[in-house]
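Each remark here refers to the structure printed beneath this line.
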Amino acid sequence: MERPLCFFWRLKAPEMTGTSDFSEDQIEAGRKLFTQPWQFVRGAPDLIHLPPDDRPEIAFAGRSNVGKSSLINALVGQLKLARASNTPGRTQELNFFSIPITTLYLVDMPGYGFAEAPKAKVKAWNKVLRGYLAGRRTLLRVFVLIDARHGIKDTDEDILQLLDTAAVSYQAVLTKADKISKSALEKVIAETKVALAKHPAAFPDVIATSAEKGGGVDILRAEIARLIASAGR
Ligand SMILES: Nc1nc2c(ncn2[C@@H]2O[C@H](COP(=O)(O)OP(=O)(O)O)[C@@H](O)[C@H]2O)c(=O)[nH]1
Ligand SMILES: [Mg+2]
């Protein structure tokens, strides 16, 4: 189901995905990385429960319900590895996933900007989130997920500024691209690139994805494989 559509999306790149194209070999490296059996390692409700920082880490941040867990599931090709739910704010831990051969963690982060949660809880979560993003030595890149229908919002700006200050490399990934038209997607990609140009730690390319239809997922896999290779792993 997923392959022909990915191929279609790749043919349309870069204008459809908003990112520079990858070679067949790079796409293949990404595919291989994600055919490994990804497993849940640990859920950390606070900073003292993080696993040891002994390998490169890639984290997925974004507002509640933006599609973090769904995108991780699409990347690993497992429907239920990261929980995806309709209930915003349910993922309340930093969830770590790993594979046996390549030493790497993928981290599903608790969502930010969940207005309906109790204030004290939101405050405590923000503290964990900020502490993790600013202090994690092995964080190779943070993918900041942005809903393609809405673009960058004020709540996202807070995180982008934090990542700039902490000099953590990050890249915007648009989610739910299947929910808007091609022209609307091109517009939001362009707007996001303009907004990111003001952020020193932001990677200039934007990747548009659909966890639902698979579009852009192979590009994200290739980007992660490239990051790991450049980190010498
Ligand atoms: N149409 C569509 N829906 C999506 C996509 N990604 C996530 N969703 C839906 O958005 C909701 C929130 O997704 P989830 O992954 O739990 O978001 P999280 O809170 O950021 O982890 C769920 O109902 C998903 O099915 C996508 O690419 N396309
Ligand atoms: Mg989630």
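Can you sort Asp218, Asp154, Asp147 from fewest to most other Cβ atoms within 10 Å of each residue's own Cβ? Write out the running numbers ahead of the final one.
Working: Asp218 27, Asp154 7, Asp147 21.
Listing Asp218, Asp154, Asp147 from fewest to most nearby Cβ atoms yields Asp154, Asp147, Asp218.
Too long at a 25 Å Cα-Cα cut-off: which of Lys121/Lys213; Lys187/Lys213; Lys119/Lys179; Lys68/Lys123; Lys121/Lys153; Lys32/Lys179?
Lys121/Lys213; Lys119/Lys179; Lys32/Lys179
Calculate how many DSSP beta bridges within region 29-153 are antiparallel, expressed in % of all such bridges and rounded to the nearest 5.
Within region 29-153, antiparallel bridges account for around 45 percent of the total.
When the Cα centres of region 155-233 and region 121-136 are compared, how far apart do they sit, in Å?
21
List the trypsin sites (Lys or Arg not before Pro) in region 102-137 that DSSP assigns to loop (not H, G, I, E or B) and whose Cβ has at most 11 other Cβ atoms within 10 Å. Which are they?
Here the sparse-neighbourhood loop sites are Arg137.
Quick check on the chain: helices-only [θ] at 222 nm, where DSSP H runs of length 4 and up contribute -39,500 (n - 2.57) each and the sum goes over total residues. Nearest 500, please. Intermediate results must be reported in sequence, preceding the final value.
On the way: 7 runs with 89 residues, N = 233.
Calculated at 222 nm, the ellipticity per residue is -12000 deg cm²/dmol.
Peptides 193-201, 73-81: what's the order by average Cβ count within 10 Å, highest mean first?
Answer by packing, highest mean first, reads 73-81, 193-201.
In terms of the Cα gyration tensor, with a ≥ b ≥ c the square roots of its eigenvalues, is region 129-216 rounded because a/c is under 1.5, prolate because a/b exceeds b/c, or oblate?
Since a/c reaches 1.5 and a/b is larger than b/c, the shape of region 129-216 is classed as prolate.
Once a ≥ b ≥ c are taken as the square roots of the eigenvalues of the Cα gyration tensor of the chain, is the result rounded (a/c under 1.5), prolate (a/b larger than b/c) or oblate (a/b not larger than b/c)?
Here the chain falls in the rounded category.
Quick one: work out the % antiparallel among DSSP beta bridges in the chain, nearest 5. Present the calculation step by step, with values, prior to reporting the outcome.
Details: 9 of 29 bridges.
Bridges in the chain are about 30 percent antiparallel.
Where a number appears in this text, it was derived from the coordinates with a stated rule and is not lab data. In this text, all values refer to a predicted model and were calculated from it rather than measured experimentally. Glycine also receives a Cβ, built like all others from the backbone with ideal geometry; neighbour counts cover every protein chain displayed.
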